[in-house]
Amino acid sequence: MATFELRKLVKTYGRTPVIHGIDLFIPDGEFVVFVGPSGCGKSTTLRMIAGLEEVSGGEIRIGDRVVNEVDPKERNLAMVFQNYAIYPHMTVRQNIAFGLYTSRLSGAEKARKVEAAAALLGLTPLLDRRPSALSGGQRQRVAIGRAMVREPAGFLFDEPLSNLDAQLRAQMRIEIKDLHRRLGTTIAYVTHDQVEAMTMADRIVVMKDGHILQAAPPMEIYDNP
Ligand code: ADP
Ligand code: ADP
């Protein structure tokens, strides 16, 4: 479990500022969805939280720890991105287990965790299949499983559904929301899809030109577009 906090967070590429000192507190267990026009800084913000992008100014805190200089691997966050990198030559079981690649758990303990994650994601009957024999939504669930098995303090999703067709997207929205309900983990989720934001978010953060315009529950955003 984790809180995320952005304090006067700044990002510049060369001399060009793209994030202009944003402040945001995400309480433990909240599902926050970042929306806004293409290029407004959603991905950059998420990548800074992940540690994949250096911070140019201000602070990122996870819990009460400033993580600006902390290696991504030490942040205990799970990332699920649009181009899910699951391995075609590995089975579902092996792909999920890969999330525990560097863990010091025993083989039996790893197997137990992989099976628990698979059960939660409805992948149990598919554990011995390879990705080529899965649907897009099932592959995306494998990517989530691999992130989840690490028992992360929080999840970061960057457009995780944009490669799926409309029907699968609708199904995955429900599944990710359901997963959040069961795990109670903090989630920061980036999308350009209004429906995803409206149906999944506890709170929507609307960005524009590197600023936060609004941060409010979906119904309030809906009332004041
Ligand atoms: P969004 O996710 O909201 O579409 P991004 O965070 O990807 O926006 O991008 C924010 C701004 O930063 C954009 O103007 C983009 O062109 C710029 N940007 C992103 N990555 C880089 C980079 N590696 N070098 C220079 N500019 C970048
Ligand atoms: P290594 O030092 O071999 O990169 P890691 O512990 O960083 O070991 O990661 C092992 C594998 O676990 C990675 O290659 C990746 O597939 C997966 N992984 C690592 N970090 C994350 C993460 N935050 N979310 C999801 N999967 C991850």
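The values are calculated or read from the model by the stated rules, or taken from the named source; none is laboratory data. Quantities reported herein were computed from a predicted structural model and do not represent experimental measurements. Neighbour counts are summed over all protein chains in view; Cβ atoms, including those assigned to glycine, are modelled from backbone coordinates with ideal geometry. For the accessible areas, the whole protein counts, side chains as well, though only heavy atoms, and no ligand, DNA or RNA atoms are used. Shrake-Rupley method; radii C 1.70, N 1.55, O 1.52, S 1.80 Å.
Things to note:
- Residues of region 1-31 satisfying the condition of being among the acidic types (Asp, Glu) and in a loop (DSSP other than H, G, I, E, B): Asp28, Glu30
- Search result, residues across region 179-225 that are in a helix (DSSP H, G or I) and open to solvent by less than 90 Å² (accessible area, probe 1.4 Å): Leu179, His180, Leu183, Val195, Glu196, Ala197, Met198, Thr199, Met200, Pro218, Ile221
- Selected residue [within 22 Å of Ile174 (Cα to Cα) and within 11 Å of ligand 2 (Cβ to nearest atom)] from Gly99, Gly136, Gly145: Gly145
- Residues located in region 14-35, provided they are free of Cβ contacts under 8 Å to residues at least 60 places away in the same chain and within 15 Å of ligand 1 (Cβ to nearest atom): Gly14, Arg15, Thr16, Gly21
- Within region 67-77, not a single residue is within 16 Å of ligand 1 (Cβ to nearest atom) and either over 12 Å from Arg146 (Cβ atoms) or at pLDDT 90 or above (or both).
- Leading residue by the ranking (nearest to Met90 (Cα to Cα)) among those in region 118-135 that are open to solvent by less than 20 Å² (accessible area, probe 1.4 Å) and part of a helix (DSSP H, G or I): Pro131
Condition check ((1) open to solvent by less than 40 Å² (accessible area, probe 1.4 Å); (2) within 11 Å of ligand 2 (Cβ to nearest atom); (3) hydrophobic (A, V, I, L, M, F, W, C)) across all residues:
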| site | (1), (2), (3) |
| --- | --- |
| Gly21 | yes, no, no |
| Leu46 | yes, no, yes |
| Val55 | yes, no, yes |
| Ile60 | yes, no, yes |
| Asp64 | no, no, no |
| His89 | no, no, no |
| Arg93 | no, no, no |
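- Gly154 of a type in the set (Gly, Ala, Ser), in contact (Cβ under 8 Å) with a residue 24 or more places away in the chain and either open to solvent by 10 Å² or more (accessible area, probe 1.4 Å) or over 30 Å from Gly39 (Cβ atoms) (or both): no
- Residues satisfying the criterion are absent from region 36-54 (criterion: within 16 Å of ligand 1 (Cβ to nearest atom), among the hydrophobic types (A, V, I, L, M, F, W, C) and part of a strand (DSSP E or B)).
- Of all the listed residues (Asn163, Asn76), the sole one being within 12 Å of ligand 2 (Cβ to nearest atom) and either surrounded by fewer than 19 Cβ atoms within 10 Å (Cβ to Cβ) or over 18 Å from Tyr189 (Cα atoms) (or both) is Asn76.
- The C-beta contact set for region 78-98 (first residue farther than 21 Å from Gly122 by Cβ, second residue acidic (Asp, Glu), distance under 9 angstrom, 6+ apart or interchain) comprises Met79/Asp158; Phe81/Asp158; Phe81/Glu159; Gln82/Asp158; Gln82/Glu159.
- Verdict on Ser103 being polar (S, T, N, Q), free of Cβ contacts under 8 Å to residues at least 60 places away in the same chain and not in a loop (DSSP other than H, G, I, E, B): no
- Some residue of region 107-117 being surrounded by fewer than 16 Cβ atoms within 10 Å (Cβ to Cβ), at negative phi and either among the basic types (Lys, Arg) or in contact (Cβ under 8 Å) with a residue 40 or more places away in the chain (or both): yes
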